[in-house]
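J.: Quick one: the structure is below, and I'll ask about it shortly.
Laboratory data are not the source of any read-out in this text; all were calculated from the coordinates shown. It should be emphasised that the depicted structure is a prediction, and the values quoted were computed from it without experimental measurement. For neighbour counting, all protein chains shown are included, and Cβ atoms are generated from backbone atoms with ideal geometry for every residue, glycine included.
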Amino acid sequence: MVALVIALALFFDFTNGFHDTANAMATPIATGAIKPKTAVALAAVLNLVGAFLSTEVAKTVSGGIIREGSDGVQITPDIIFAGLMGAILWNMITWLKGLPSSSSHALFGGLIGAAIAGIGLHSVNFASVLQKVLLPAVFAPVIAAAVAYVCTRLAYALTARHDPETGSKLTQKRGGFRTGQIFTSSLVALAHGTNDAQKTMGIITLVLISAGSQAPGSGPQLWVIAACALAIAIGTYSGGWRIIRTMGSGLTDVKPAQGFAAETSTAAAILASSHLGFALSTTHVASGSVIGSGMGRRGTTVRWGTAGKIVVGWLFTLPAAGIVGALTAMLVHTGTVGFVIAAVAGTAAVVYMFVASRKSHVGHHNAVEVEEAGQAIRFAKKKAAAVSRNNNSKGGR
Amino acid sequence: MKWLELVLVAGATLVSAVTVVVLYALGVRLTAIAGDFRSSQPGWIRPLSYVCFGLCGLAVLFGLYLIIPYFSK
């Protein structure tokens, strides 16, 4: 049982990785700063490094949300299994739809649902849920959007160049931001590693403690850290091209200076929040930044339709993952047969969604999904690069 | 309620992001001036742009230094 839960946790880590590649790498891919394949490889390596850097978040994960310990209820591997099931299924569904939804919310939702169904309402500390999950979800995109807006404005104001005599616009020469994006997006990937890989480490540690093979209150063991880092890196490398498409071009058309501002804000917000103990969701922050940078540049329209769809997805994340978690917990509660049914049904659903994702792509071209999506983005990039080159040669000199 | 933490996170995010963006944007601007065809500007423009990029990098590294627990022990 414990081994199975750990395997499931690592699989969740994997889905977390490919779900969140977009947060770091959508904007540099959209502006052509980095080639798609290079971008995901870079993100994977930095996620790996980031996971080793800090284990602060792992120590606090899920702590307080479900009452544990002597005065509360004993959390069992069954509950964690059910919670993970809910989280993974919701991650797969949103990935299929190309929605950037929060993996952490899916995880919390799954765990809360499983705890309510498996133990009872009293097992969930709702004040803590409000404080640790719901309020950050409201503020994270707002903070990120505001900061990204200010940064985008500043970046454009500082690099706007006019001819002092005629007042006409000179060539703006903002190409430097494209190079800068390589660094800022790397920073976001690093931040993601320090933040999101931790959540799985926390879960596995929780399982080990509840199974009695680790002392309560101790931090994650080295092999747990290594396994989680590897799982999230592999997940990141597999690349969630669908979500990259939504984030990179679905919300607003991203220019290098905007991308730079958005990524800086994202990285700053994630690192600051995870360090200061007010954990924000990477996805919420990144989406907010992209929208904020879209509002910051004149002449850019934010596609509020897409933004609205994403927000609706966020609203559903917690309850949807919770319901799946609750159903799984009820099944597991009935005994070994129920447990087997839950495991088989979960695996079947994941496989089905994977097959469905392949099918929708074979419809357009018969290329492999990743190849095709990568090329779709690369084409757009080449066009953009050509346009900017034309502009440069027209306006320059 | 952790309002203080919230304000702290928002403030830290704003300060660090603005620092990095301003320094980098100045660097980009100075590079652009240095690369202008009419090179009537003094020769210290390009080195100054490198200084800006360098400071920007240092700001990022300092931020990481503050965060990674390994260093603060």
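J.: Ranked from highest to lowest mean number of other Cβ atoms within 10 Å per residue, what is the order of the peptides A:96-109, B:17-30?
T.: The densest-packed peptide leads the list: A:96-109, B:17-30.
J.: Taking each residue in A:143-155, count the Cβ atoms of any other chain within 10 Å of its Cβ, then average. What number comes out?
T.: 4
J.: Can you list the HN-Hα couplings for region A:110-120, worked out from phi with the Karplus curve (6.51, -1.76, 1.60; θ = phi - 60°), rounded to whole Hz and with x for Gly and Pro?
T.: Once θ is set to phi - 60°, the couplings for region A:110-120 become x, 5, 5, x, 5, 5, 5, 6, x, 10, x Hz.
J.: Short version: ³J(HN,Hα) in whole Hz for each residue of region A:340-352, in order, from phi by Karplus 6.51 cos²θ - 1.76 cosθ + 1.60 (θ = phi - 60°), x for Gly and Pro, what are they?
T.: For region A:340-352, the Karplus-derived couplings read 5, 4, 4, 5, 5, 4, x, 4, 4, 4, 4, 4, 4 Hz, x marking Gly and Pro.
J.: Packing-wise, with mean Cβ within 10 Å as the measure, how do A:327-340, A:1-14, A:284-297 rank, highest first?
T.: In decreasing order of mean packing, A:327-340, A:1-14, A:284-297 become A:284-297, A:1-14, A:327-340.
J.: Give me the net charge for the shell around residue A:321: Cβ to Cβ below 15 angstrom, other residues only, Lys and Arg +1, Asp and Glu -1.
T.: Net of charged neighbours comes to +2.
J.: Continuing with the same structure: Tell me, what ³J(HN,Hα) does each residue in region A:286-298 have, in order and in whole Hz, if you take phi through Karplus 6.51 cos²θ - 1.76 cosθ + 1.60 with θ = phi - 60° and put x for Gly and Pro?
T.: Ordered by residue, 3J(HN,Hα) equals 5, 5, x, 4, 4, 5, x, 5, x, 6, x, 9, 5 Hz.
J.: Would you mind checking the pairs A:35/A:255; A:35/A:309; A:35/A:199; A:199/A:255 and listing those with alpha carbons more than 22 angstrom apart?
T.: The pairs that break the limit, which is 22 Å between Cα atoms, are A:35/A:309; A:35/A:199; A:199/A:255.
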